[in-house]
Amino acid sequence: MNTSTIENKESLGTYENGILYPSPVMLDLNDLKKVYPTPKGDYVVLEHLNLQIMKEEFVTIIGHSGCGKTTMLSMIAGLNAISGGNISVLGNPVKGPGPDRGVIFQAPSLMPWMTALQNVMLGVNQVFPHATKQQRKDIAKYYLHKVGLDGAFDKKAQELSQGMQQRVGIARAFAIKPQVLLLDEPFGMLDSLTRGELQDILIEIWNKEKITAVMITHDVDEAIFLADRVVMMTSGPRAKIGDILNIDFERPRTRKSVLEQDDYYAYRKHLIDFLEH
């Protein structure tokens, strides 16, 4: 998806011949700023950060440790106060956490004494209170099935491996049907084999659901494989968007097809060169 196709940033859309065409912008970060007060004065983590993410777009964000990637994501999630500027989802300002945004953390943050099914049901019960108990259970089971946990519905989270726990985390995030999916290095603590499996599961579900997704990663190959655009952040303090790379590979993708693309190594070099400066 080329940024040149983005013509309008108004939250409501644009009028043509008296007809309102909805804006393609799902997530709008406008002049975002984050400041932490310290005894030696204000520490500015992010400043003048502007980013628009389209409906059904998958964006990955890379940058050096400490550049404010996780801070930005937690602000989008409504878990961290905004110091300046604003964030909106479909034109609605973010003022705190909400079911319109699902989050997958690096550590799955499950209730260890609850089963896989019960952990997913926690969110489903909150978001779909008017559905029947069976309907809510069916939703939770559907997404646990999609992440390959058919045989683990009744296993307690503490009995599951780290990779299986993260599968529950993925199922839980998709099950609440968010408008935006936020992923904070969800595979960063996993071995490379499990990481590859879960990338494939994530992108398979995303291809079907087409939820707008924003994912932080340190892995250049992961960033390219998953994304429509890779957003590069400058090093902090006062971090902002340094560069944006459009990934023009057709979807659905396989790892093999991506590696065979002529542009793949040019994309990879572009990202590495940015990170090394």
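A short reminder: the numbers here are calculations on the coordinates, not readings from a lab. The structure presented is a predicted model; accordingly, all values stated were derived computationally and were not measured. All Cβ positions, even for glycine, are placed from backbone atoms using ideal geometry, and neighbour counts span all protein chains on display.
Quick notes
- Residue in region 155-176 that is on the phi < 0 side of the Ramachandran plot, crowded, with 22+ Cβ neighbours inside 10 Å, in contact with a strand residue (DSSP E or B) (Cβ under 9 Å, 6 or more places away or on another chain) and assigned to a strand (DSSP E or B) present: no
- Going through (1) within 30 Å of Asp42 (Cα to Cα); (2) free of Cβ contacts under 8 Å to residues at least 60 places away in the same chain; (3) of a type in the set (Lys, Arg) one by one, Lys240 falls short only on (2).
- The residues listed here are Ile53, Ile82; of these, the one that is within 18 Å of the chain's Cα centre (by Cα) and not basic (Lys, Arg) is Ile53.
- Selection of helices (runs of 4 or more DSSP H) fully inside region 200-277 by the criterion of at least 2 residues being hydrophobic (A, V, I, L, M, F, W, C) and touching a Phe, Trp or Tyr at 6+ places or on another chain (Cβ under 8 Å) returns 220-226.
- Gln134 meets the conditions (1) surrounded by fewer than 21 Cβ atoms within 10 Å (Cβ to Cβ); (2) touching a helix residue (DSSP H, G or I) at 6+ places or on another chain (Cβ under 7 Å); (3) in a helix (DSSP H, G or I); (4) not aromatic (Phe, Trp, Tyr) in every case but one. The failed one is (2).
- Among the candidates Val214, Val220, Val258, residue that is hydrophobic (A, V, I, L, M, F, W, C) and under 16 Å from Leu51 (Cβ atoms): Val214
- Residue in region 86-104 that is touching a Phe, Trp or Tyr at 6+ places or on another chain (Cβ under 6 Å), buried (at least 17 other Cβ atoms within 10 Å of the Cβ) and of a type in the set (Lys, Arg) present: no
- Checked against (1) under 27 Å from Gly242 (Cα atoms); (2) of a type outside the set (A, V, I, L, M, F, W, C); (3) in contact (Cβ under 8 Å) with a residue 12 or more places away in the chain; (4) surrounded by fewer than 18 Cβ atoms within 10 Å (Cβ to Cβ), Pro112 meets all criteria but (1).
- Pairs, first farther than 20 Å from Ile87 by Cβ in region 37-51, second assigned to a strand (DSSP E or B), C-beta under 6 Å, six or more apart: Asp42/Val35; Tyr43/Tyr36
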